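S.K.: This is the structure, below, for whatever I ask next.
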Amino acid sequence: MYLAHSSNSSGKPQSQAEHLRNVAGLASEFAEAFNSGEEAALAGLLHDIGKYGDKFQRRLDGLEHGLDHWSPGASVALFERHMVAAALAIQGHHTGLGAADRESLNGMSLSKLTTDHPLGLTLSESDTALLMNRFQLDSLTVPSVTDPLITGYPEHASTMLDVRMLFSSLVDADFLDTER
């Protein structure tokens, strides 16, 4: 079993699958107010897939430090699913929402982050196929999104407002589930 969080004050750890399902459900619920529930669910499911990496699991035992566990999910959202808004929300959920220009989006490439991480971190795992295999073994699937917030590079400021709302839904959902 892969863990998302080590034992809480009651001595109970949280499984990775439970955390991803909970965050996806809450984020989707929050984002329904602006018709983005599907994309929020996708972001919630992918936001921490790097926690399926062996380095992150060792981090829970205090054996690893300085890991980026969110960029693999942003990479899958952007480069495999073409969900720009979800990728931005995932990438920023620990570091703050970034820009949506071509250079910033290309900076989500795991090959770039492996060799030159802007925060000096190490990826918990750079093999997204391995992470997604473990994700699927936990009976999780990435949902389809019928109406993504962004279909190319954002051209209007109002689009970035929608991205901020999606980002907020993900951050709030992650915080609430982690706190619980």
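S.K.: Take the residues of segment 1-49 that are part of a helix (DSSP H, G or I) and of a type in the set (Asp, Glu): which is nearest to GLU125 (Cα to Cα)? Steps first, please.
M.R.: Start the filter on segment 1-49 by keeping residues that are part of a helix (DSSP H, G or I), which leaves 16-34, 37-46, 49.
After this cut, where a residue has to be of a type in the set (Asp, Glu) as well, the list is 18, 29, 32, 38-39.
Working: GLU18: 20, GLU29: 30, GLU32: 32, GLU38: 26, GLU39: 24 Å.
Of everything passing the filter in segment 1-49, GLU18 is nearest to GLU125 (Cα to Cα).
S.K.: I need a count of the residues in segment 76-126 that are part of a loop (DSSP other than H, G, I, E, B) and open to solvent by 70 Å² or more (accessible area, probe 1.4 Å).
M.R.: Within segment 76-126, the first condition is being part of a loop (DSSP other than H, G, I, E, B), and the residues that meet it are 81-83, 93-101, 107-109, 116-121, 124-126.
Remaining after also requiring open to solvent by 70 Å² or more (accessible area, probe 1.4 Å): 81-82, 94-95, 116, 118-119.
Number of matching residues: 7.
S.K.: Mind listing whichever residues of segment 1-11 are of a type in the set (A, V, I, L, M), surrounded by fewer than 22 Cβ atoms within 10 Å (Cβ to Cβ) and closer than 19 Å to THR141 by Cβ? Working first, answer last.
M.R.: So the first thing to find is which residues in segment 1-11 are of a type in the set (A, V, I, L, M), and the list is 1, 3-4.
Filter once more, keeping what is surrounded by fewer than 22 Cβ atoms within 10 Å (Cβ to Cβ): 1, 3.
Selection gives MET1 alone.
S.K.: Among the listed residues GLY92, GLY98, GLY120, identify the single one that is in contact with a helix residue (DSSP H, G or I) (Cβ under 7 Å, 6 or more places away or on another chain) and either over 21 Å from GLY25 (Cα atoms) or hydroxyl-bearing (Ser, Thr, Tyr) (or both).
M.R.: Details: GLY92 fails: either over 21 Å from GLY25 (Cα atoms) or hydroxyl-bearing (Ser, Thr, Tyr) (or both); GLY120 fails: in contact with a helix residue (DSSP H, G or I) (Cβ under 7 Å, 6 or more places away or on another chain).
Within the list GLY92, GLY98, GLY120, the selection yields GLY98.
S.K.: Name the pairs whose Cβ atoms lie under 6 Å apart, with the first residue in segment 39-62 and within 17 Å of ALA27 (Cβ to Cβ), the second part of a helix (DSSP H, G or I) and among the polar types (S, T, N, Q), and 6 or more positions between them or separate chains?
M.R.: Once the first residue is within 17 Å of ALA27 (Cβ to Cβ) and sits in segment 39-62, its partners that are part of a helix (DSSP H, G or I) and among the polar types (S, T, N, Q) give ALA40/SER28; ALA40/SER169; ALA41/SER28; LYS51/GLN16.
S.K.: Something else: Here is a check on your reading of the model: is SER144 assigned to a loop (DSSP other than H, G, I, E, B), touching a residue at least 12 places away in the same chain (Cβ under 8 Å) and surrounded by fewer than 19 Cβ atoms within 10 Å (Cβ to Cβ)? Show your work before the answer.
M.R.: Values: assigned to a loop (DSSP other than H, G, I, E, B): yes; touching a residue at least 12 places away in the same chain (Cβ under 8 Å): yes; surrounded by fewer than 19 Cβ atoms within 10 Å (Cβ to Cβ): yes.
Against the criterion (assigned to a loop (DSSP other than H, G, I, E, B), touching a residue at least 12 places away in the same chain (Cβ under 8 Å) and surrounded by fewer than 19 Cβ atoms within 10 Å (Cβ to Cβ)), SER144 qualifies.
S.K.: Collect the residues in segment 12-33 that are open to solvent by 50 Å² or more (accessible area, probe 1.4 Å) and more than 21 Å from VAL171 (Cβ to Cβ), keeping them in residue-number order.
M.R.: Residue satisfying the conditions is LYS12 alone.
S.K.: On to the next question. With respect to HIS47, determine if the residue is out of contact with any Cys (no Cβ under 8 Å at 6 or more places or on another chain), surrounded by 24 or more Cβ atoms within 10 Å (Cβ to Cβ) and closer than 25 Å to MET165 by Cα.
M.R.: Numbers: out of contact with any Cys (no Cβ under 8 Å at 6 or more places or on another chain): yes; surrounded by 24 or more Cβ atoms within 10 Å (Cβ to Cβ): yes; closer than 25 Å to MET165 by Cα: yes.
Against the criterion (out of contact with any Cys (no Cβ under 8 Å at 6 or more places or on another chain), surrounded by 24 or more Cβ atoms within 10 Å (Cβ to Cβ) and closer than 25 Å to MET165 by Cα), HIS47 qualifies.
The values are calculated or read from the model by the stated rules, or taken from the named source; none is laboratory data. All values derive from a computational prediction rather than experimental measurement. With ideal geometry, Cβ positions are generated from the backbone for all residues, glycine too; neighbour counts draw on all protein chains shown. Side chains are part of the model used for accessible areas, which takes the heavy atoms of the whole protein and leaves out ligands, DNA and RNA. Shrake-Rupley method; radii C 1.70, N 1.55, O 1.52, S 1.80 Å.
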